[in-house]
1. Convert each backbone phi in the stretch 77-92 into a coupling constant with the Karplus relation 6.51 cos²θ - 1.76 cosθ + 1.60 (shift: θ = phi - 60°), then list the ³J(HN,Hα) values in order as whole Hz, x for Gly and Pro.
2. Taking 0.36 nm per residue of sequence separation and subtracting the Cα-Cα distance, how much length would be gained by fully extending the chain between Gln47 and Arg199, in nm to one decimal?
3. Be a star and scan the stretch 219-235 for residues whose amide nitrogen sits under 14 Å from the point 7 Å along the Cα-to-Cβ vector of Leu96.
4. For the pair Arg113 and Arg158, what calculated FRET efficiency results from E = 1/(1 + (r/R0)^6), where r is the Cβ-Cβ distance and R0 = 35 Å, to the nearest 0.05?
5. Can you sort Ser157, Ser84 from fewest to most other Cβ atoms within 10 Å of each residue's own Cβ?
6. Under 5 Å between amide hydrogens, which residues at least 5 positions from Thr156 or on another chain qualify, with H placed 1.01 Å from N in the peptide plane?
7. Only counting other Cβ atoms within 10 Å, I'd like Glu45, Glu79 sorted with the fewest neighbours first.
8. Please find the FRET efficiency linking Leu181 to Arg225, where r is the Cβ-Cβ separation and R0 is fixed at 22 Å, and quote it to the nearest 0.05.
Amino acid sequence: MLLALVACGGPPVDPRPAARPSDMPQAAGPIVQAPQDMSKQTCPEGQDLIGDLEWIPADARVAGLFDLGDPGVDEAAAELARASATTPGMPVVAALGLGFLGTQLQILRRQLRDAGLTPRELLLLHDPGGAVVWIVRVRCDLAVLQATLARAWGVTSRTTAAGPLAEPDPARGFPHDVVFLADDRLALVPAGAGGKLRRWLEGQAGPPDLGDRRRSETPGQALARLEPAPIRVVLAGRGLLAGDAASAPRTLRAWPARVALDATPP
């Protein structure tokens, strides 16, 4: 009798779960995304230009623009360093600020290569106290860029009230703080001076008053008007010549075999 009841029972039940029809809506729920691993991502190689120069602080003592795509830029830097100390009539500030330019440029270009950065232009600034600032433009996701610089330079990024900043590990010997500025600009400044120099770079200092109700053009304006050369430099403020008061900017352009000292603009 028991066997008969079993034989007459319903069809056997498939223990596997029923398949969901293709047109049945999925159950609502949070979408969980795995965190991105930045440890292996790199910035795209791009020949980025500095772009607009109007933002350069008006009280910068030195402003120089280097065309890293010009094959003669390294030789031009060496020639400018030599000429700054030997050319008659060369402003005093040129000898003080540009005397080791060739060596500085070689070191900085190696550091950029270590990080896989390939900017087309490099900007040099000196603040009123003589602090040296190097600036490039890097169009890259900030998190990817920070991870890239951490691997290459041993810097640690943090966010401050003024903006992101990366500081070096003393054990690695990297000599710069890295300041992340607006418009994809990246500033390399002396270690420990990142906060102070960010305030200077983002400030709005006015051009020097020449005393006769005229205003000098700013270093950024003077640099922008110069004709192309591997290196273009503006020397501004006091100390252009021994005993000088504040005066309009002077300009230099450098090639591998010569340096041109331009006339003071009207």
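1. Values, residue by residue: 5, 5, 5, 5, 4, 5, 5, 5, 9, 10, 7, x, x, 5, x, 4 Hz.
2. Length difference between fully extended and current span is 52.0 nm.
3. Those under the cut-off are 235.
4. 0.85
5. Exposure proxy ranking, most exposed first: Ser157, Ser84.
6. Glu167, Asp169
7. Going from least to most buried by this count: Glu45, Glu79.
8. According to the calculation, E is roughly 0.40.
The numbers here are math on the coordinates, done by the rules we state, and not lab data. As the structure is a prediction and not an experimental result, all values here were calculated from the model. Note that each Cβ is placed from the backbone with ideal geometry, even for glycine, and that neighbours are counted across all protein chains shown.
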